[in-house]
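The structure under discussion appears below in the form of structure tokens.
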Amino acid sequence: MPVVDSLMQSALRSVSSKQSEREMVWMQLQQMFENIQTTHLSELFGADSQRAEAFSLQVNSLFLDYSKNFISKDILAALIALAESYDIQNAIHQMMSGVHVNVTEDRAALHTALRLPETESLMVNAKNLVTDITEIRNKMFNFVEKLQSGAWLGATEQAITDVVNIGIGGSDLGPQMLTQALKPYWNTNLNVHFIANIDPVQFEAVTANLNPETTLFLLSSKSFTTSETLANAQLAKQWLENKLHTKQLTQHFVAITANPARAIAWGIAKEFVLPFWEWVGGRFSIWSSIGFPVALLIGVQGFKQFLEGGHDMDKHFSNSPLAENMPVLLALLGIWYRNFWQAPTHALCSYSYSLRRFADYIQQLDMESNGKSQQPNGDMVAKDTAPIIWGGEGTNAQHAFYQLLHQGRHFIPVDFIVAQNTKAKDKVQHQQLVINCLAQAKALMEGNRALQSADVSINQMQGNKPSNTLMLEALDPYALGQLIALYEHKVFVQGIIWQINSFDQPGVELGKKLADDLTNIVNGKEAKEPVDSSTMQLLRRINTASIN
Ligand code: F6P
């Protein structure tokens, strides 16, 4: 047999043995699911006094208790075997070393490089990326210092007091969530505002009380082509021109983008562009110049601590055995519930006013990354992929949707997130917040079956609802860096197991294209694609003049 043929044969043999190894583990896990599904979670605790310790893990500032899940040591071992059968460790190495893991867009996904210490290097195509990253980050820090010190002057020589971030999706959710979360660490009098929606109501509401002389706009857009952001940028330009009666607005705009040429063509001065790179996905971009609003409010040192937290999670993720690897464990528990227990949704409940937007942020990260049904080669995925991510802020959510968590007919695994310590003055009230979180996790797990009170017979709560509890030492920049990187890596591992590309978003692109086409119609032009009668009927209601 020719050498090439024999190599091909052995490659095919190894692919099919990998395939059958995976199928075996999926089957084994299905069997385990069938065996454990009639067991109550509290029985698992009853059978093992060491259960909490056995299923807990500390990584620097993060403590994860995952004991309130339908797992045993054997199930965990099978889940780990599942991860091994997909060569997770190799996949991690490939992502972090700059292989084009975003195969459909032929790009690397190197958000982890953004949090490498300056003293390290990452050679990609004979270039040390850390040098470029540090240079741009220092430019951003320099802008921070200029703004914080009052040295950044507007067109009328007045110091900037208000900064408005115009961006959407990953160019909005991260900076917004994180600036809110880190409010106790703000070290400036500057005010930061956010405009994302193309709805002009938001632009008008945000700018209503702003002074154009002292306002700086950040145009945050990786592509610099997103219609919402460009429309709002245009409103900002008009607003400044009308109020300041000048077109000399250079120092009122900074562009944050991976497409500097477009930003410059729009009118941004070259020195006011904070670039980043194509290899940073929008929903992973908070670590890049997109994090500028965060750095502006918490300062240079705070932002460095945030990066350090992310980097420490990266080290843990790439160096720890799978069985002691926090992102891998969270990913596998998610797979367990999605693919075996058929849980269609996953709730994130943060017991923290500061983290009130955390579920929104993770919703984009998870659902835009893994909400897919096709593999990069076009094949349909055989398994269910991303669950619907939703959630809210404890304790408020207890008085909103928890009734359904406790007694509804849905099966909804929950991640509880809470901080041990607070910067708030009232430590006793903070304790009450934490206690509420723990009480809810316990109630979901046990229900009220064990209680003897009279109303139990009509108000039955079966419990048996699984949850993870993630306890942060404090809600500080370092711990939040760890927390965000943890969820990024969880999503990545799940994408590998589902064999999808977690780094593209073709579904979102379609909606953008169709919006452009409908704009053609409203402007009296020909649509490129046929338009259905329902859409035409609705379009006529907003613009009867030009549509027939
Ligand atoms: O929603 C699609 C998307 O491309 C996101 O991935 C991204 O975060 C958002 O739009 C905004 O894109 P840009 O930063 O290019 O304006």
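The values are calculated or read from the model by the stated rules, or taken from the named source; none is laboratory data. Treat the numbers as computed from the prediction; the structure is a model and nothing was measured. Glycine also receives a Cβ, built like all others from the backbone with ideal geometry; neighbour counts cover every protein chain displayed.
Ile497 versus (1) away from the ligand (no atom under 15 Å from the Cβ); (2) exposed (fewer than 14 other Cβ atoms within 10 Å of the Cβ); (3) within 25 Å of Ser373 (Cβ to Cβ): which is the lone unmet condition?
(2)
For Lys442, all conditions in the list (1) assigned to a helix (DSSP H, G or I); (2) in contact with a helix residue (DSSP H, G or I) (Cβ under 8 Å, 6 or more places away or on another chain) hold save one; what is the number of the exception?
(2)
For the range 246-268, what are the residues that are more than 26 Å from the chain's Cα centre (by Cα) and either polar (S, T, N, Q) or not assigned by TED's automatic domain parsing to the domain that holds Asn165 (or both)?
Thr246, Gln248, Thr250, Gln251
The rows are residues; the columns are (1) over 28 Å from Ala109 (Cα atoms); (2) aliphatic (A, V, I, L, M).
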{"residue": "Lys183", "(1), (2)": "yes, no"}
{"residue": "Gln202", "(1), (2)": "yes, no"}
{"residue": "Thr207", "(1), (2)": "yes, no"}
{"residue": "Pro212", "(1), (2)": "yes, no"}
{"residue": "Thr225", "(1), (2)": "no, no"}
{"residue": "Glu241", "(1), (2)": "yes, no"}
{"residue": "Ile256", "(1), (2)": "no, yes"}
{"residue": "Ala269", "(1), (2)": "yes, yes"}
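Scan the range 223-245 and give yes if some residue there is outside any helix (DSSP H, G or I), more than 13 Å from the ligand (Cβ to nearest atom) and surrounded by fewer than 21 Cβ atoms within 10 Å (Cβ to Cβ), otherwise no.
yes
Going through the range 343-387 one residue at a time, which ones are assigned to a helix (DSSP H, G or I) and either within 16 Å of the ligand (Cβ to nearest atom) or over 25 Å from Ala439 (Cα atoms) (or both)?
Asp360, Tyr361, Ile362, Gln363, Gln364, Leu365, Asp366, Met367, Glu368, Ser369, Asn370
Can you confirm whether Ala323 is surrounded by fewer than 21 Cβ atoms within 10 Å (Cβ to Cβ), more than 21 Å from the chain's Cα centre (by Cα) and within 16 Å of the ligand (Cβ to nearest atom)?
Spelling it out, it is not the case that Ala323 is surrounded by fewer than 21 Cβ atoms within 10 Å (Cβ to Cβ), more than 21 Å from the chain's Cα centre (by Cα) and within 16 Å of the ligand (Cβ to nearest atom).
Looking at (1) touching a residue at least 60 places away in the same chain (Cβ under 8 Å); (2) surrounded by 14 or more Cβ atoms within 10 Å (Cβ to Cβ); (3) closer than 21 Å to Ala359 by Cβ, find the lone condition where Lys183 falls short.
Checking Lys183 against (1) touching a residue at least 60 places away in the same chain (Cβ under 8 Å); (2) surrounded by 14 or more Cβ atoms within 10 Å (Cβ to Cβ); (3) closer than 21 Å to Ala359 by Cβ, the one that fails is (2).
Residue-wise test of (1) within 24 Å of the chain's Cα centre (by Cα); (2) part of a helix (DSSP H, G or I); (3) within 16 Å of the ligand (Cβ to nearest atom).
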site	(1), (2), (3)
Glu118	no, no, no
Thr131	no, yes, no
Lys139	no, yes, no
Gly150	no, no, no
Val163	yes, no, no
Thr179	yes, yes, no
Phe194	yes, no, yes
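From the list Glu509, Glu473, Glu488, exactly one residue is modelled with pLDDT of 95 or more, surrounded by fewer than 18 Cβ atoms within 10 Å (Cβ to Cβ), under 25 Å from the mean Cα position of the chain (by Cα) and not in a loop (DSSP other than H, G, I, E, B). Which is it?
The unique qualifying residue is Glu473.
When you check Leu333 against the structure, is it of a type outside the set (Lys, Arg), closer than 18 Å to Phe63 by Cβ and assigned to a loop (DSSP other than H, G, I, E, B), yes or no?
Spelling it out, it is not the case that Leu333 is of a type outside the set (Lys, Arg), closer than 18 Å to Phe63 by Cβ and assigned to a loop (DSSP other than H, G, I, E, B).
Mind checking which residues of the range 99-116 are assigned to a loop (DSSP other than H, G, I, E, B) and either over 23 Å from Pro506 (Cβ atoms) or of a type in the set (A, V, I, L, M, F, W, C) (or both)?
Hits for the range 99-116 are Val99, Val101, Val103, Ala108, Ala109, Leu110, Leu116.
Here is a check on your reading of the model: is Lys315 outside the structural domain of Val124 (by TED's automatic domain parsing) and charged (D, E, K, R)?
So Lys315 fits the description; yes.
Out of all the residues in the range 77-99, is one or more acidic (Asp, Glu) and over 30 Å from Asn377 (Cα atoms)?
No, the range 77-99 contains no residue that is acidic (Asp, Glu) and over 30 Å from Asn377 (Cα atoms).
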